[in-house]
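Written below as structure tokens is the structure these notes are about.
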Amino acid sequence: MSQPIELKLCELIGLKRKIENIDLTALVSSQGPDIEVLYLSHQHPVLVLSIYEILELSELLTGTFTMLELNSVIHKFIYRKFS
């Protein structure tokens, strides 16, 4: 049973880097199980992800950082417009 994990921004950036550094080709071509074990930090549990979960998480993180960037752009625009 999975439990939600709360991450700070720096931890989220670290997770994104770890996901980006996974060699999916090597994972698929290996004869072992197609899973990756990620250690987030001493405060969080270990993540055990399948290839499909890695791809989904990668897309989710891309969308998350796009929304954070968009939020920053909107905030700057509103601040300049009304100050």
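Just flag the chymotrypsin sites (Phe, Trp or Tyr not before Pro) in segment 13-83 sitting in loop per DSSP whose Cβ has no more than 12 other Cβ atoms within 10 Å. Kindly include the intermediate steps, with their values, before the conclusion.
Working: sites: Y39, Y52, F65, F77, Y79, F82; in loops: F82.
Answer in residue order: F82.
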TODO: Counting residues in the chain as N, plug N into 2.2 N^0.38 Å and put the Cα Rg over that result.
DONE: 1.40
Task: Nearest 10 degrees, 0 to 90: helix 51-81 Cα axis against the chain principal axis - done: 10
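Here, each number is a calculation from the coordinates, and none is a lab measurement. Remember, predicted model here, so these are calculated numbers, not experimental data. In this analysis, Cβ positions are derived from the backbone assuming ideal geometry, glycine residues included, and neighbour counts consider all displayed protein chains.
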